[in-house]
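*Asks:* My questions will all concern the structure given below.
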Amino acid sequence: MLRISESTVKRWQKGIGVSRTDRLLTFRKLEKLMSLAQDAFEKENLSSWYHREAWSLNMATPIDYMIKNDDGIEAVTSLVGRIHWGIIS
């Protein structure tokens, strides 16, 4: 989703180099999604949920949908929010 290599992440961890702004925004979106998902699902169900097909994501898994669609993170975050509030669509 972020289109970054493992070596880039390792450089960031060492404090070498700076992430591009668009990647930082994507990190923040993913952080928001993970926080919301942790509230919506029990810990043992969270991981498996990301790999289940979802009707509202055109029968794609949330992981695949996020990777293949430009608005994927936002769509999955919206779906998790609806699940969290009991709004099944």
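*Asks:* Aspartates and glutamates near K29 by alpha-carbon distance under 12 Å, same-chain residues fewer than 8 away left out - which ones?
*Replies:* D71, E74
*Asks:* What distance in nm lies between label points placed 7 Å from Cα along the C-beta direction at M59 and R11?
*Replies:* Label-label distance for M59 and R11, simple model: 4.2 nm.
*Asks:* Can you grab the distance from the C-alpha centre of the stretch 66-89 to the C-alpha centre of the stretch 19-44, Å, no decimals?
*Replies:* First find each Cα centre; the distance between them is then 12 Å.
*Asks:* Tell me the Kirkwood radius of the chain: reciprocal of the mean inverse pair distance over distinct alpha-carbon atoms, in Å.
*Replies:* Mean inverse Cα-Cα distance, inverted, gives 14.2 Å.
*Asks:* May I pose another question? Would you mind checking the stretch 28-56 for residues with the amide N under 16 Å from a putative spin-label position 7 Å along Cα→C-beta of H84?
*Replies:* Inside the label zone: 28-43, 46-47, 50.
*Asks:* In addition: Taking the dipole about the Cα centre of the chain, with the C-beta of Lys and Arg at +1 and of Asp and Glu at -1, give me whichever of L30, I73, V9 is farthest to the positive side.
*Replies:* The Cα lying farthest towards the positive end belongs to V9.
*Asks:* Note down the relative contact order for the chain as a percent, whole number, built from C-alpha pairs under 8 angstrom at least six residues apart.
*Replies:* That works out to 27 percent.
Every number in this text was worked out from the coordinates using simple rules, so none of it is lab data. Since we're looking at a predicted model, the values are computed, not measured. Positions of Cβ are generated from backbone atoms using ideal geometry, with glycine treated the same way; all protein chains shown enter the neighbour counts.
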